Amino acid sequence: MEKIKVLVAGVQGEERDSINEALANVEYISATDGANTAEDVLQVLDESHVDVVLVNAQISGNGYSLTEKIAEQFPGVAVVIMEYELKEETMRQALFSGAKDVLLYPFTPSKLVDSLYRSYQLERKKQAMHQGKPMMRKKANQGKMITVFGTKGGIGKTFVATNLAVSLAEYNGNRVALVDLDLDFGNAALALNIIPKFTISDVVNEIAHLDQDLLESYLIPHSSGVKLLAANAQPQMTEFVTAEHVSFILRLLQNAFDYVVVDMPARFYSPVDPALQEADLLLLITTPEVVALRNIKSCLNTFALLKYPPAKIKLLLNKVDSRDDIKLKDVEVTLNSKVFGALQADHRLVCSSMNQGIPVVTLYPRSKISRGFYDLAVQISGSEKSWKEKAARKAESEEVYQEAKS
C-alpha cells in the first residue's frame with residue numbers, strides 16, 4: 001500500500017521524539033516534522049503532498065483555528081489534534097473545526113498509529129463519496145419544514161408524518177425528505193418497511209464536513225420518492241446528537257428539498273428543539289380524548305410562553321369517529337383554536353398499513369383516511385388542481401388493478 005504522509009506540527013522536545021520513534025518503524029507511514037507555527041503548516045501543505053496533519057492544540061495559540069483553515073483550503077487532508085486536557089468544550093471545538101480525532105497526550109504508540117490510519121481512511125472515504133456524484137439541486141428559496149408533534153404517545157405522529165410525506169411526494173412530484181427525530185425509539189423506517197443502512201448518528205459523525213451532497217448520500221430512498229433520514233438504531237447513541245447538529249442538518253435539507261417532514265418524540269427535548277423553533281408549519285396532533293386534549297392544551301400554553309407565532313401552529317385531529325362523545329367543535333372550543341385538518345378513524349386499515357410497512361395512502365388510496373391526507377396536503381401545498389388530477393388517476397389505476405386481481 002502507498003505510504004500515509006503525516007506532518008507532525010507544533011510538537012517539540014521529548015514529545016516530538018516519542019512520536020517520531022513511535023512512527024519510525026511503521027512501514028505504511030512516512031512522518032515529517034519541523035512545522036512549528038500555523039504559518040509553517042499552511043506553507044508545507046501548499047508546497048507538498050500531506051495526507052494527515054497531527055497538530056498540537058496549542059500551536060500558535062490555537063490549533064482549532066488552524067484546523068478550520070486546513071479544512072477550508074486543503075480538502076482531502078485529515079487532521080488529528082493532540083490535546084493535554086480533554087473537556088466537553090474541547091470535543092465540541094474539535095468536531096466543528098473539522099478534526100477527525102483528538103488524542104490525549106501521553107498516548108501509546110498503537111493508539112497514535114490507529115488514530116492516524118483511521119483518520120486517513122475516513123478522509124479517503126469522504127473524497128470517494130464525492131467523486132462522480134451529481135451535485136444536489138440548490139434552491140434560491142428554502143423548502144418548507146413541517147414538524148409533526150404531540151405530547152402523548154399513541155396519537156399517530158409517525159403515521160401522520162409518513163403518510164403526509166408520501167402524499168406530498170406522490171401526488172405533486174415534490175422532493176420530500178422525512179426526518180425521524182424520535183431519536184430513542186423512532187419508527188419511521190419501520191412504517192415504510194425500510195431497514196436503515198445509515199442513521200442520524202452517521203450524519204453527525206461527518207458534521208464538520210457535511211454538505212448537501214454528503215448528507216443526501218445518508219438518506220434512504222423509498223419507492224414513493226420520499227428520502228428518509230432514520231433515527232438511531234441504538235438509543236445510547238442519542239447523547240451524541242445536539243441541537244446544533246439538528247439545526248444544521250435541517251437547514252441543509254431545506255436547501256435541497258421542497259418539503260422536509262419531521263417526526264418528533266412525544267416530549268419537549270432540547271436536542272430536537274430546532275425542529276420546533278425553525279418549523280414553517282408546526283402540526284400538532286391530538287385525538288378526541290380528554291387526556292390528549294389536556295396535553296395539547298398545555299402544549300399550546302407552552303408555545304405561547306415561548307412566543308411561537310400562532311400562525312404556524314396548526315391542529316390536526318386524528319382518529320375522528322362519528323360515534324365519539326367529543327366532537328370536532330368541542331375540540332375547537334376546548335383548545336380555543338380552529339382544527340386545520342381531520343383524519344377519520346379506521347383501525348383495520350391503519351393496522352394493516354402499519355403491519356405491512358406500506359403507507360395507507362398507497363395501500364388504500366380510495367379510503368376516507370387517504371382522502372383526509374389528500375385534503376391536508378392540498379392545504380399545505382396550495383396546488384389543488386394538479387392534485388385532483390393525479391389523485392383521480394391513481395385511484396382509477398388502483399380500481400383497475402383490483403378488478404384484474406379478482
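A few notes on this one:
- Test: LEU214 is farther than 22 Å from VAL360 by Cα, at pLDDT 90 or above and open to solvent by less than 20 Å² (accessible area, probe 1.4 Å): yes
- Among the residues of region 171-189, not one is hydroxyl-bearing (Ser, Thr, Tyr) and open to solvent by less than 10 Å² (accessible area, probe 1.4 Å).
- Scope region 10-25; condition aliphatic (A, V, I, L, M) and in a helix (DSSP H, G or I); matching residues: ILE19, ALA22, LEU23, ALA24
- Top-ranked residue of region 330-377 - restricted to ones that are polar (S, T, N, Q) and over 25 Å from LYS312 (Cβ atoms), ranked as surrounded by the most Cβ atoms within 10 Å (Cβ to Cβ): SER370
- Some residue of region 65-75 being surrounded by fewer than 17 Cβ atoms within 10 Å (Cβ to Cβ) and closer than 13 Å to ALA9 by Cα: no
Residues are listed down the side, and each one gets a yes or a no for (1) charged (D, E, K, R); (2) within 19 Å of PHE96 (Cβ to Cβ); (3) open to solvent by 10 Å² or more (accessible area, probe 1.4 Å):
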| position | (1), (2), (3) |
| --- | --- |
| ALA191 | no, no, no |
| ASN205 | no, yes, yes |
| ILE220 | no, no, yes |
| ALA256 | no, no, no |
| TYR259 | no, no, yes |
| ARG267 | yes, no, yes |
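- The one condition in (1) of a type in the set (Val, Ile, Thr); (2) modelled with pLDDT under 90; (3) surrounded by 13 or more Cβ atoms within 10 Å (Cβ to Cβ) that VAL400 fails to fulfil: (3)
- Scan of region 209-219 for residues that are hydrophobic (A, V, I, L, M, F, W, C) and touching a Leu at 6+ places or on another chain (Cβ under 6 Å), ordered by number: LEU215, LEU219
- None of LYS297, LYS227 is among the basic types (Lys, Arg) and surrounded by 20 or more Cβ atoms within 10 Å (Cβ to Cβ) except LYS227.
- Test set (1) open to solvent by 40 Å² or more (accessible area, probe 1.4 Å); (2) closer than 20 Å to PHE96 by Cβ; (3) modelled with pLDDT under 90 - ALA243 fails condition number: (1)
- Every condition in (1) in contact (Cβ under 8 Å) with a residue 60 or more places away in the chain; (2) of a type in the set (A, V, I, L, M); (3) over 21 Å from LEU104 (Cα atoms) holds for ILE19 except the one numbered (3).
- Of the set (1) open to solvent by less than 60 Å² (accessible area, probe 1.4 Å); (2) within 19 Å of LYS338 (Cβ to Cβ), all apply to LYS314 but (1).
- When residues of region 323-359 are limited to those that are in a loop (DSSP other than H, G, I, E, B) and touching an Asp or Glu at 6+ places or on another chain (Cβ under 8 Å), the one nearest to THR302 (Cα to Cα): LYS338
- Selection count, region 29-76, where residues are over 19 Å from ARG118 (Cα atoms) and not in a strand (DSSP E or B): 27
The values are calculated or read from the model by the stated rules, or taken from the named source; none is laboratory data. What you see is a predicted model; the values in this text were computed from it and never measured. Here the Cβ is made from the backbone with ideal geometry for all residues, glycine too, and neighbour counts use every protein chain on show. The accessibility values were calculated without ligands, DNA or RNA, using every heavy atom of the protein model including side chains. Shrake-Rupley method; radii C 1.70, N 1.55, O 1.52, S 1.80 Å.
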